[in-house]
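**Student:** Take a look at this one; I'll ask things after.
The values are calculated or read from the model by the stated rules, or taken from the named source; none is laboratory data. Just so you know, these numbers come straight off a predicted model, no measurement behind them. Please note that ligands, DNA and RNA were not included when accessible areas were found on the heavy atoms of the full protein model with its side chains. Shrake-Rupley method; radii C 1.70, N 1.55, O 1.52, S 1.80 Å.
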Amino acid sequence: MKVFCGRANPTTGSMEWLEEDEHYDYHQEIARSSYADMLHDKDRNIKYYQGIRAAVSRVKDRGQKALVLDIGTGTGLLSMMAVTAGADFCYAIEVFKPMADAAVKIVEKNGFSDKIKIINKHSTEVTMGPDGDMPCRANILITELFDTELIGEGALPSYEHAHRHLVQVGNQGPPSHILEVSQVEDLFGRSVRTPH
């Protein structure tokens with residue numbers, strides 16, 4: 001199995017995606033990534049938790065089960081926040097196999113494996129139905145796919161696909177002003193909205 005890894009081109013400074021085989025040591029790849037920065041960003045995490053808790057409350061107030069879709073789960077932090085906030089179940093998608101494997105262990109060690117399913121696929125490959133990856137559409141979408149170029153991690157196509165195939169019409173998410181502050185405004189100094 002081959003996996004894509006992002007690398008900065010030393011000449012241009014731009015991000016390039018290279019294909020690595022199954023024998024590549026991904027531990028260094030993860031160590032060089034920005035996962036640690038995000039995990040230790042207390043302000044970001046507080047804002048995300050507040051937004052996730054608000055989205056879960058809105059769904060529960062309608063008398064529905066809170067079913068969360070977390071695209072690009074990484075370590076599973078946002079999924080664990082969702083379950084802590086009262087979500088009934090979370091489908092956590094992570095395309096990078098070494099990170100998905102780490103997320104499975106992290107979720108298990110934190111006691112959430114009965115409420116969080118890690119799916120090691122690209123979100124556009126997730127199947128729906130009784131025998132699929134997800135038995136039904138989610139009603140809450142949480143994600144943090146943004147890099148410094150907004151589209152570098154395929155955020156916009158992933159959101160579009162999720163809204164068409166993986167989440168219910170009228171789904172919930174953290175309030176946009178929380179997302180703008182925590183992930184977009186910090187990167188660009190301005191607010192950017194994702195399509196619905």
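**Student:** Name the residue that is modelled with the lowest pLDDT, counting only residues in the stretch 138-149 that are part of a loop (DSSP other than H, G, I, E, B) and farther than 14 Å from E160 by Cα.
**Tutor:** Filtering the stretch 138-149 for residues part of a loop (DSSP other than H, G, I, E, B) gives 144-149.
If we keep only those that are farther than 14 Å from E160 by Cα as well, we get 144, 146-149.
Values: E144: 75, F146: 54, D147: 48, T148: 42, E149: 46.
Ranking the candidates gives T148 first.
**Student:** I'd like to know if the stretch 15-28 contains one or more residues that are under 14 Å from the mean Cα position of the chain (by Cα) and either at pLDDT 90 or above or not in a strand (DSSP E or B) (or both). Full working, then the answer.
**Tutor:** Here is the first cut: in the stretch 15-28, the ones under 14 Å from the mean Cα position of the chain (by Cα) are none.
No: the stretch 15-28 contains no residue that is under 14 Å from the mean Cα position of the chain (by Cα) and either at pLDDT 90 or above or not in a strand (DSSP E or B) (or both).
**Student:** For the stretch 128-137, how many residues meet the condition of being outside any strand (DSSP E or B) and open to solvent by 60 Å² or more (accessible area, probe 1.4 Å)? Break it down into steps so the answer makes sense when it comes.
**Tutor:** Within the stretch 128-137, the subset outside any strand (DSSP E or B) is 129-133, 135-137.
Now drop any that are not open to solvent by 60 Å² or more (accessible area, probe 1.4 Å), which leaves 130-131, 135, 137.
Of the residues in that region, 4 qualify.
**Student:** Another question, then. Please go through (1) open to solvent by 70 Å² or more (accessible area, probe 1.4 Å); (2) closer than 16 Å to E144 by Cα for M81 and return the number of the only condition it doesn't satisfy.
**Tutor:** (1)
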